[in-house]
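*Asks:* This is the structure, below, for whatever I ask next.
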Amino acid sequence: MSTNALTTAGARAENRAPLVAAALLATLLISAALAPVLAPYAMDALDLVNRRAAPSTVHWFGTDELGRDLLTRVLFGARVSLAIGLISAVVSAAIGAAVGATAGYAGGWVDDALMRATDAMLAIPRLPLLMITAAVLQPSVPLLVLLVGLAGWMETARVVRAEVQSLSARDFVAAARAIGASPVRVVLRHVLPGVLPAAAVATTLAVGRGILLESALSFFGVGVQPPTASWGNMLYQAQTTMTSEPWLAFFPGAMIFLTVLACNAVGDAIGAAKG
Amino acid sequence: MKRLLLVTALAFVACAKEKSASAVASNDLLTVGYDREPDTMNRYATHILEDIESCVVEGLVTNDEKMNIIPVLAVEVPSTENGGVVLRADGGMDVTWKLRPGVKWHDGVPHTSADVKFTVDAINKGDWKPESVDGFDRIASVDTPDSLTAVVHYKEVYAPYRLQFVRGTLPKHVLSGRSIDAAADYNRKPLGTGPYRVSEWKTGEYILLEAVPNYWRGAQFPKIKRILFKFLTNTTTRINQLKSGEVQMVALVPWDKVRELRSLPAIRINQVVGNGYEHVTLNQKHFPPFAEVHVRRAMAHAIDRDLIVRTLLDSLVQVVNGPIQPLSSAYEPDVATYPFDPPKARAMLDAAGWAVGADGIRAKAGVRLSFTLITQSGFAIRENVSQTLQKQFRDVGIDAKVRLIDGTSISGVWFAGDFDAMLHWWQQGADPEMTLFFASDRMPPAGRNINYFRDDTLTAMLYASDRTADERARITILRNAQRRLAILIPELPLYNTSKVDAVPVTLQGFTGNPTNAGPFWNVYQWQMTAP
Amino acid sequence: MIRFIVRRVMQSIPLLLLISLLVFALIHAAPGGPLSTYLENPNVRPEDIERLRKAMGLDRSLPAQYFSWLVAFIRGDWGFSYADGRPVLERLLERVPATIELVGVSCVVALVAAVPAGIFAAVNRRFDRVTSVLAVAGISLPVFWLGLLLQLVVAGALGWLPSSGRTAFDGGDFVDRVRHLILPATVLAAALSAAWSRYLRRTMRDTVAQPFMRAARSRGLTERTLLLQHALPNALPTFVTVVLLDISMMASGAVVTESIFAWPGVGSLFTESLAKRDYTVLMAFLMCGSLAVMLLNLIADLAVHTLDPRTRSAA
């Protein structure tokens, strides 16, 4: 195969990749939403005699420490993990973009005040702060989503601000200003579109980071609490059986991997299209 | 650049291969993976586990693997029979400790009755923070008729007197006139009489103990020259190091990790029945239906303890029926039991007026039989057992919601009485005292009666046992108390807390220990033999 | 420039006060306290707990405790650890070198891997596809998971490297220390180098796609020249910002990594102290952590000023 053909095939694959990723994400979201219908077993159906069963036709993903069907747990875990990843990323992105754009465009004391607030939030070490907060609140899943989201908007704010500042200095924005466009219009029409690629990158990374942050909290015993399943806490619980019952770690791990992969591909596509 | 890095990395990797998990035969060094770093080596200020401390500082007594109290720095354990304990007419009691002659502190100064007196005085003076003054606060004074005799005058009869000096004595010649809290030299490297002394304490990493040259039991002891305690707080890391041979021993292996250690050829699993029990505490104050004895009995019948032990606990523990364990001389085997019997449980609840509602949960007079069961997070066995209990309670129409709370928070929660039911254990000392856990006036903050359970007959029995110095008479009272407890079943006993230690197959003399005295109680005898 | 720095330092003082109040309230709101460990111990009587509470000053009201802490803290008296009674400063300082060593080495490793990888990926599409897979793997693996896996395989099954600790107890020479560093530094660097290389590649590509690059392209410059001579210098300011911000985020990764690899740094001191509710140590840790991050932020801002010609002329 010539280099040329290879490149063409590669380019075609690259064009298809975002579509495949979007389809994958959609499938994940739909199956998470339909988990009660799709799941072959009840969420809390214990079977102590058949614990740690290997994957089979009866249990496609095998069973866990309590003999619960792992496929069922992965489906229900998807609801929690996807919610934490996506919603927290959206929360982060919205707050971050608003704060960053305002600060970057307005400049002056507004910029100062907003950036110092960002600094304060950014200054407290994140995981330790979340660990303490989780110990205080013993949070439910919705609260945990909010906490992870609130803990992650500062990077987006700073990146967006930097982009806005450098865009504002460019000719076409100056031109728009010169012809008397209102600040809101300038930001929305001329500045934000330019910021979008960077914001999209930050957001897609935030999805994965949210899911991973939950698993780190699980590692210290303050994440999503059993019997509620999340991919993070399933992976954590499987840590000691990595050699003897690898499927317990494989399936939740693979789901985290695929989700982050898909989000990145979609984010790439958004970035490329808007750029 | 990357290739350069890779090459460098490989070079370092190749430099030396770690020891693989093969059998160890050398008496030079024993490496122990330890789950925490002690805050201090001062035995009177340390928490529960005293494994490292007990290698350095010896008590006047200790207890062996069968929970017999045996003398160490004392010649014998005082009792009414041997004349060591005399009840005074004024209601007090005198205990005479005869010290072993020829014992010297590691610096060569003789260990004497003055050290015993100094220890009592230092603790009662109260200008430092020993974690427990239990028993010491009942001592009026100590006389030292000669250098090897200490007579302890108690203000009242104190039944657990035998374990008064289980944590040893403080060296008077080192600590006299000083603030003990601030005595960093002693608290980090205590002066003891034991087979080892602290050679190096590298904060956050390890404590290295080295054998002392002239141990009082003879120059042939201890056999092992150095013991290294590596602090590995993460359980998986500890187990991984055992697999790779970087540590050769792990004390107190969690039960769910034992299975994967059995396949390691260099490791022997040592198991002793522990002196503690896992149970479900039922807080009557916070969830009033628990005050009904029929509800408590029905719950006991609803639990399949045998199934839980056989599956989740790999049969490493035994089902138990009360707070005093078979090891104890005060154990009463013949008590009321509650075998797994869901139909009986349902019938009992029906008869007590708890009818099944539309949602499948029982209710009476508008109160649903629905409560929250709390337990410690990050403790895999408890997470699994609590979810199994949830299922088994649900099968008889009782709704339990599991809530996991981290280990530190949960102590605060139960001490405040702010929970319905809790799955946890009590780890006990060798003395069979139960007053603190079941007497009516011992609810927090005055004690640990967190069932908030009230029974005047039982309370009277428990206080009577505390004021009985004669061991046999005391045991009779305690046995009656256990029978009454089993009938009233204020909490649901599940199983005994076995202590499982992973040790090298080549280690001789290791027995384990059921109490907080810990497995190092006879460390001077340990030795490695050729496999 | 100097006025800028002075202003930022002045601004940070009320921020630190605010943080101290927030953090103090949070850690004291958590259930349990320094005496929690005693509660599980059957030898410690309720009377003992009351006595210890008084002796430690925990029976005072919270505002009283906060103000006495604050006054002492400002005067440089950081108090004593509730756990072992040693001075807080001493406990913190003895852990700092280990963390600086771990984080520093990880940063260097991550940068050495990320910068060339990002640039090559921007220039070469085939290399890009390989690195993007690696990068996603790096980003999507939980830190604790990667750590335990490496421990199990590299240290356990293969026996090539020690699985945890900073030095062997009888070692401590250079080789020994490097061998102990490899696994934790790899774990800590993995996620960052992945994220950084992706970020650099994307910013460079985006810059090339900007309209103002059309002029350069029309002059007949190749894509490669455009990327290396125009896109790279353009991408650097934001890249440096991201790197500096991420270094402060490494503190989080270090907490997990230090716990898994029994690394005797401030991260594991934090985990221990949180479990023991060692209030004085926790406060000192969080205040120093916040201060360090603020310092990095300041450096990030200065770096942007220095590297970016546009903002420099604006300021």
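*Asks:* Using amide H atoms built in the peptide plane, which far-off residues or other-chain residues are under 5 Å from B:S199 H to H?
*Replies:* B:L208, B:L209, B:E210
*Asks:* Using a simple spin-label model with points 7 Å from Cα along the Cα→Cβ vector, what separation in nm is obtained for B:D395 and B:I70?
*Replies:* Inter-label distance under the simple model: 4.4 nm.
*Asks:* Taking the Cα atoms of chain A, what is the range of coordinates along each of the three principal axes, in descending order and whole Å?
*Replies:* Principal extents (largest minus smallest coordinate, Cα): 76, 60, 32 Å.
*Asks:* Averaged over every viewing direction, what's the projected area of the C-alpha convex hull for segment C:213-253? Give it in nm², one decimal, please. Intermediate results must be reported in sequence, preceding the final value.
*Replies:* Values: hull surface 13.9 nm².
For segment C:213-253, averaging the hull's shadow over all directions gives 3.5 nm².
*Asks:* Please list the radius of gyration and Dmax for segment B:36-97, considering alpha-carbon atoms only, with Å as the unit.
*Replies:* Rg then Dmax for segment B:36-97, in Å: 15.3, 48.
*Asks:* For a quick check of your reading of the filter: which trypsin sites (Lys or Arg not before Pro) in segment B:405-493 sit in a DSSP loop and have no more than 15 other Cβ atoms within 10 Å? Don't skip to the end; give the middle numbers.
*Replies:* Working: sites: B:R442, B:R448, B:R454, B:R467, B:R472, B:R474, B:R479, B:R483, B:R484; in loops: B:R442, B:R448, B:R454, B:R467.
Those that pass, being in a loop and sparsely packed, are B:R467.
*Asks:* OK, next. Rounded to the nearest 10 degrees, what's the angle between the helix C:96-123 long axis and the longest principal axis of chain C, both from Cα atoms, 0 to 90?
*Replies:* Computed tilt is about 20 degrees.
*Asks:* Taking springs between alpha-carbon atoms closer than 10 angstrom, which of C:M56, C:M250, C:M287 fluctuates most in the Gaussian network model of chain C?
*Replies:* In this elastic network of chain C, the residue with the biggest mean-square fluctuation among C:M56, C:M250, C:M287 is C:M56.
*Asks:* How do C:L18, A:L192 rank when sorted from fewest to most other Cβ atoms within 10 Å of their own Cβ?
*Replies:* On the way: C:L18 12, A:L192 18.
Least to most surrounded, the residues fall as C:L18, A:L192.
*Asks:* Still on this model: May I ask you to compute the full-extension gain from B:T149 to B:A358, defined as 0.36 nm times their residue separation minus their alpha-carbon distance, rounded to one decimal in nm? Working shown, then result.
*Replies:* Working: separation 209, 0.36 × 209 = 75.24 nm, distance 7.28 nm.
Gain on stretching B:T149 to B:A358: 68.0 nm.
*Asks:* Kindly work out what percent of the DSSP beta bridges joining two residues of the protein assembly as shown are antiparallel, to the nearest 5. Before the final figure, lay out the partial values.
*Replies:* Details: 58 of 75 bridges.
Among the beta bridges of the protein assembly as shown, antiparallel pairing accounts for roughly 75 percent.
*Asks:* Run the numbers on chain C and let me know its relative contact order in percent, using alpha-carbon pairs under 8 Å that are six or more apart.
*Replies:* Working: 318 pairs, mean separation 80.9, N = 315.
Result for chain C is 26 percent.
*Asks:* Any idea what the relative contact order of chain A is, in percent, if you count C-alpha pairs under 8 Å spaced at least 6 apart?
*Replies:* Values: 381 pairs, mean separation 65.9, N = 275.
Answer for chain A is 24 percent.
*Asks:* Which loop-located trypsin sites (Lys or Arg not before Pro) does segment C:1-92 contain, where loop means any DSSP state but H, G, I, E or B and the Cβ has at most 14 other Cβ atoms within 10 Å? Don't skip to the end; give the middle numbers.
*Replies:* On the way: sites: C:R3, C:R7, C:R8, C:R51, C:R53, C:K54, C:R60, C:R75, C:R91; in loops: C:R60, C:R75.
Those satisfying the criteria are C:R60, C:R75.
*Asks:* Report D for segment C:35-118 in µm² per second (integer): Stokes-Einstein, Kirkwood Rh on Cα pairs, 4 °C, 1.567 mPa s. Working shown, then result.
*Replies:* Details: Rh = 16.7 Å.
The Stokes-Einstein estimate is 78 µm²/s.
*Asks:* In peptide B:199-212, what is the residue-averaged number of other protein chain Cβ atoms found within 10 Å of each Cβ?
*Replies:* Working: counts 1, 1, 0, 7, 9, 15, 9, 6, 1, 2, 0, 0, 0, 0.
Mean inter-chain Cβ contacts per residue within 10 Å come to 4.
*Asks:* Once you list every other residue whose beta carbon is under 10 Å from the beta carbon of A:F61, what net charge do they have if Lys and Arg are +1 and Asp and Glu are -1?
*Replies:* Net charge in that neighbourhood comes out at -1.
*Asks:* Whole angstrom only: what separates the Cα centroid of segment B:254-304 from the Cα centroid of segment C:178-253?
*Replies:* Value for the Cα centre distance between the two parts: 54 Å.
*Asks:* Can I ask one more? What average count of beta carbons from other chains do you get within 10 Å of the Cβ of residues in B:128-141?
*Replies:* On the way: counts 2, 7, 4, 11, 11, 5, 6, 2, 0, 4, 0, 0, 0, 0.
The per-residue average across the peptide is 4.
*Asks:* Take the Cα atoms of chain B, find their three principal axes, and give me the spread along each one in whole Å, biggest first.
*Replies:* Computed over the Cα atoms, the extents are 84, 74, 40 Å.
*Asks:* Using only the alpha-carbon atoms, how far is helix C:125-140 inclined from the longest principal axis of chain C? Give it as 0 to 90 degrees, nearest 10.
*Replies:* 10 degrees
*Asks:* Report Rg (one decimal) and Dmax (nearest whole number) for the protein assembly as shown, counting Cα atoms only, units Å.
*Replies:* Radius of gyration, then largest Cα-Cα span, for the protein assembly as shown: 32.1, 113 Å.
*Asks:* Another question about this same structure. Measuring from centroid to centroid over Cα atoms, what is the spacing of segment A:198-275 and segment B:57-112 in Å?
*Replies:* The two parts, judged by their Cα centres, are 59 Å apart.
*Asks:* Still on this model: Out of C:A235, C:A189, C:A155, any idea which swings most in a Gaussian network model of chain C, alpha carbons joined below 10 Å?
*Replies:* Highest fluctuation of the listed residues: C:A155.
*Asks:* Continuing with this model, one more query. Helix C:232-260 sits at what angle to the longest principal axis of chain C, using alpha carbons and giving 0 to 90 degrees rounded to 10?
*Replies:* Computed tilt is about 30 degrees.
*Asks:* Then there's this: Tell me the Rg and the Dmax, in Å, that the Cα atoms of segment C:232-298 produce.
*Replies:* Both quantities, over Cα of segment C:232-298: 14.7, 49 Å.
*Asks:* In this model, which of B:K98/B:K155; B:K223/B:K499; B:K129/B:K257; B:K202/B:K243; B:K189/C:K276 are farther than 32 Å apart at the alpha-carbon? List each step's numbers first, then the result.
*Replies:* Values: B:K98/B:K155 21 Å; B:K223/B:K499 24 Å; B:K129/B:K257 37 Å; B:K202/B:K243 24 Å; B:K189/C:K276 22 Å.
Violating the 32 Å Cα-Cα cut-off are B:K129/B:K257.
*Asks:* Sort out for me the Cα centre separation of segment A:95-109 from segment B:123-179, rounded to whole Å.
*Replies:* 68 Å
*Asks:* Could you tell me which helices of chain B pass both thresholds, a Cα extent of 27 Å or more along their own axis and a mean Kyte-Doolittle hydropathy of at least 0.0, with helices taken as whole DSSP H runs? All intermediate terms of the calculation are to be shown ahead of the outcome.
*Replies:* Working: long enough: none.
For chain B, where a helix must reach 27 Å along its axis and average at least 0.0, there are no hits.
*Asks:* Something else: What value, in deg cm²/dmol to 500, does the helix sum -39500 (n - 2.57) over DSSP H runs of n ≥ 4 give at 222 nm once divided by the residues of the protein assembly as shown?
*Replies:* Numbers: 41 runs with 563 residues, N = 1121.
Only helices count here, giving -16000 deg cm²/dmol.
Readers should treat all values here as calculations from the given coordinates under stated rules, not as data from a laboratory. Given the structure is predicted, the values throughout are model-derived calculations rather than measurements. No Cβ is skipped: glycine too gets one built from the backbone with ideal geometry, and neighbour counts run over all protein chains shown.
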